[in-house]
1. Confirm whether Ala447 is surrounded by fewer than 16 Cβ atoms within 10 Å (Cβ to Cβ) and modelled with pLDDT of 95 or more.
2. Could you please tell me which pairs satisfy a Cβ distance under 6 Å, a separation of 6+ or placement on different chains, a first residue in region 69-95 that is farther than 19 Å from Lys182 by Cβ and of a type in the set (A, V, I, L, M), and a second residue that is modelled with pLDDT of 90 or more and assigned to a strand (DSSP E or B)?
3. Among the residues of region 574-588, which ones are touching a residue at least 24 places away in the same chain (Cβ under 8 Å), assigned to a helix (DSSP H, G or I) and touching a Ser or Thr at 6+ places or on another chain (Cβ under 7 Å)?
4. Across region 426-438, which residue is nearest to Gly465 (Cα to Cα) among those that are in contact (Cβ under 8 Å) with a residue 12 or more places away in the chain and surrounded by fewer than 20 Cβ atoms within 10 Å (Cβ to Cβ)?
5. Can you tell me which residues in region 364-388 are of a type outside the set (A, V, I, L, M, F, W, C) and either buried (at least 22 other Cβ atoms within 10 Å of the Cβ) or touching a residue at least 40 places away in the same chain (Cβ under 8 Å) (or both)?
6. Kindly list the number of the only condition in (1) of a type in the set (Ser, Thr, Tyr); (2) out of contact with any helix residue (DSSP H, G or I) (no Cβ under 7 Å at 6 or more places or on another chain); (3) modelled with pLDDT of 95 or more that fails for Ser400.
7. Select from region 214-246 the residues that are in contact (Cβ under 8 Å) with a residue 24 or more places away in the chain and of a type in the set (Lys, Arg) and list them in ascending order.
8. Looking only at residues that are part of a helix (DSSP H, G or I) and acidic (Asp, Glu) in region 279-317, which one is surrounded by the fewest Cβ atoms within 10 Å (Cβ to Cβ)?
Amino acid sequence: MEQSKDMANDTSQAAAERNDASLLEEPEDPTRILVPGQTCWRIETAERTAFLVDGEAYFKAFRDAALRATHSIMIVGWDIDTQVELVRDERASSDMPAKLGEFLVALLRRRRKLRVYVLNWDYAVIYALERQWMPTAEPGWRRHRRLSYQMDDHHPVGASHHQKLVVVDDAIGFVGGLDLSKSRWDTREHLSRNSRRIDADGASYAPFHDVQMMVTGDAASALGDLARSRWLRATGRRLPAPARRSVEEVWPPELHADLMECRIGILRTQPRYEELEERREIEQAYLTAIKRARRSIYIESQYFTAQAMSRALAQRLSEHDGPDVVLVLRRHCDGWLERRTMDTLRARLLQEVELADHYGRLRVYAPVVPGEEGAVPVAVHSKLLIVDDEFVCVGSANMSNRSMGFDTECNLAIEAGGQTRLQAAIASLRNGLLAEHLGVVPETVAAQIHTCGSLAGAIDSLRGGERTLADGCFDALSLSDAMIPEHALVDPERPMAADHLLAGMGFRRERVQIARRALWGLSLLAGMAMLAAAWRWTALGQLLDLEALVNHAQALGRSPLGLLAVMGGYVVGGVLAIPVTALLVVTILAFGPWLGGLSALAGSLLSAITLFGFGRAMGAYRIRRFVGSRVELLSRRLAERGFWAVLLVRVLPIAPFSVINLVAGASPLSLRNFVLGTFVGMLPGITLMTTFVGGLEDAVREPSWQAFMMVGMVIAAVWSAVWYISGQLQAGQPAPLAPESSISAT
């Protein structure tokens, strides 16, 4: 561990020396946006730069560059799928596989000195169904000794590694919103139906839009430093840097460069974690650029939930001579959960920004293309900011709080600084993107901007075709929607300690009770395991036939009225305040792991709804007399936080199961939020209980030291986690937070 820290310090020191060198070469200019150490990490020269719009361009450019690699290919991503097809053109070369995993292995066999390093985010369980399961198990993916695949979980709890970068021989680097993953490839036409826009399983997906940057030279070498530092922190091993290669050796000859010899700013988001300091360079660059805008601000983003960004835009829109603000956003997020969270947060911020638009300079659009049954939305996944013709920033960071301070991100930026050739390249990129969305050619967009004198006016004059930018298609904020979440929970700006989470939900005072009740429940499970062991190896086995009791429980499960009896037991048990843990154990023993788990969930819901009804019928006054004075505070919290409060009290044992149900019924909480929160919150506990009881049953039927040791290890691991969380909660010390930046304050 000390060696890893020393390596990290060496890397940080080298980077700091390069920053100092950059500052000496280029005196600080108060009018500039990119300043190393403030709004960017480093500024390095790229001999060639290209903007790659949409997946077809990026995947082909990556493949062509990789074919020229001789030393190393480093892939760092949020998601990586070995089955994604890089090229889908019949004219493409057939001597190399199209799928990523097979392609990399074929490259390694062709180049004997080449090494491939893949660093993937060790993703949260919530994304398990959306991502490739165990990519290392795919045929050929780990059969080569020079292919190294690692998962990176070196980040705060709840955060993610969201950087999307690829570096080839430290000579070419790619940064943007695109991962080498499924459901990303598309052409700039974004046809509503495209037979080539399918995943490896043959499933088609919606039109998909994104932007990537490709750089060379010192800028690519700096990205190599960043990738190697991530690898070092994730694995403790240092990767060697390759020898410098000329651009001509690695640049795909068919690819046109948009810029030659330009300065590239490298921007990061890095949350405070262990030895790592907080870096909010992307946020500070965005805020500075928005503040310096004179004529227009053009944004493409998957999300729009960053509060600092919305305040900055609202400030500029309220000014008499402020710039036009054009937001191109995804119409709806993926999945019901993101729609009820991120879309709701977006609606709130859009409402605030619209209220500040005193002079009609705000435009909020979603791109659509014609389909057989009407307009088809294009899934905007790009993360791009263009200010006037002076500044462009492309990368992995969304306009969300997470991307500004909670997840790791990487962006690249170019600042024109008054240079005509850079201004022309930035304007060309923006006009090309608008032409793509509006179904016209870039020259038409440029001409309309010149004629109208404003970006918003030009878009207004070009809209209306079948392929266009649609407005008025975003859901309005519903004040009656009880599911509106808190930014701190859904889209946090910084890492949050457990104590902060409880405080945010209004449950800080209950941290001691949570720890005590959790330890009591685990002690009960440990006692059951000890009883089973004592029955096997002591005289207790002669007094109590434990296996017979298990058989009786299973006989109940097989009887015609077994399920009805168990459901009734949950209702009666809830009324009598019998611990729900005991009911879960009996149910799982009676019906087995799968049916038992489902029955336990159904019984818990039935008991909860029944007591919820009792609480609503009795009213808050009678419940207060029955349960105690603390019911009023708990009731208010449940009503204020809705679904999220119910979810939290199901996951954390804040109060007895029956008490929570009665209090919830006596509060203004809706039945819908109560049932949904109970269902989602009970799932993890019931799943763990099913695993535990199944292991304990095996130990009883086929007793062995190994079986009991396995049960004991499960209990010990969970108990250790509870003790740790208990210590954190009882300490009551918030996580250290970095001071607000001066730019944020403005």
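The values are calculated or read from the model by the stated rules, or taken from the named source; none is laboratory data. Note that the coordinates shown come from a computational prediction; the quantities given were computed from them, not determined experimentally. Virtual Cβ from ideal backbone geometry, glycine too; neighbours counted across all protein chains shown.
1. yes
2. Close Cβ pairs (under 6 Å, with a partner that is modelled with pLDDT of 90 or more and assigned to a strand (DSSP E or B)) amount to Ala69/Val168; Ile73/Val116; Ile73/Val168; Met74/Tyr117; Met74/Val167.
3. Result: Gly574, Val580, Ile588.
4. Just the residues of region 426-438 that are in contact (Cβ under 8 Å) with a residue 12 or more places away in the chain, to begin with: 426-434, 436-438.
Then drop every residue that is not surrounded by fewer than 20 Cβ atoms within 10 Å (Cβ to Cβ), which leaves 428, 432.
On the way: Ser428: 22, Gly432: 17 Å.
The extreme case among them is Gly432.
5. Our first condition is that a residue be of a type outside the set (A, V, I, L, M, F, W, C); within region 364-388, this holds for 365, 367, 370-374, 377, 381-383, 388.
Within region 364-388, Tyr365, Pro367, Pro370, Gly371, Glu372, Pro377, His381, Ser382, Lys383, Asp388 qualify.
6. For Ser400, the failing item is (3).
7. Result: Arg228, Arg230, Arg233, Arg238, Arg244, Arg245.
8. Quick first cut of region 279-317, residues part of a helix (DSSP H, G or I) only: 281-292, 307-317.
Imposing the further condition that a residue be acidic (Asp, Glu) reduces the set to 281, 283.
Values: Glu281: 28, Glu283: 26.
Residue satisfying both the conditions and the ranking: Glu283.
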